[in-house]
1. So how compact is region 8-115: Cα radius of gyration and Dmax in angstrom?
2. Taking Cα atoms, how many degrees apart are the long axis of helix 101-115 and the longest axis of the chain, rounded to 10 and kept between 0 and 90?
3. Work out the length of the dipole vector of the chain about its Cα centre, built from +1 on the beta-carbon of each Lys and Arg and -1 on the beta-carbon of each Asp and Glu, and round it to the nearest 20 debye.
4. If you stretched the chain out fully between residue 60 and residue 43, how much longer would it get, using 0.36 nm times the residue separation minus the C-alpha to C-alpha distance?
5. Cα-Cα over 27 Å: which of 32/53; 53/95; 35/84; 53/84?
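No value in this document is a laboratory result; all are computed from the given coordinates. This structure is a prediction, so every number in the text was calculated from the model and none was measured. When we count neighbours, we look across all protein chains shown, and the Cβ atoms used for this are built from the backbone with ideal geometry, even at glycine.
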Amino acid sequence: MSSNTINLEQSAELLRALAHPTRLAILEELAKGAKCVTDIRDLVDDAQASVSKHLMLLRRMEIVASHKDGKLRCYYITKPTLVKALLKILTTEHKVIHRSPKSVRREGLKRETSTD
């Protein structure tokens, strides 16, 4: 496998980690800048224990990291270009394109004959 090939297992694991409304809300807030856990809890309007579990998973996946500031723990995104790109994709409206069976078949046949 070349270095440009997507590691499907790692990519699927990353997407699973992001696939929760609270974690997406946390990342949306952290994309604006580092925040302490109490600020995150207030912004996503969830219980402290729940927010901590979500942050722990995001930390384990190395999407976020934290620094301790006295009694507070402040979080930041470790992969800002990835997170911001994903959030942009998710907030962009994507047009649904319906195609005729004939055009799909024709395209499939064209690719099949060009690889032989």
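1. 19.6, 65
2. 80
3. Values: 21 positive and 14 negative charges, 51 e Å.
Roughly 240 debye for the chain.
4. Once the chain is fully extended between residue 60 and residue 43, it gains 3.9 nm.
5. Details: 32/53 21 Å; 53/95 35 Å; 35/84 16 Å; 53/84 22 Å.
Check vs 27 Å cut-off fails for 53/95.
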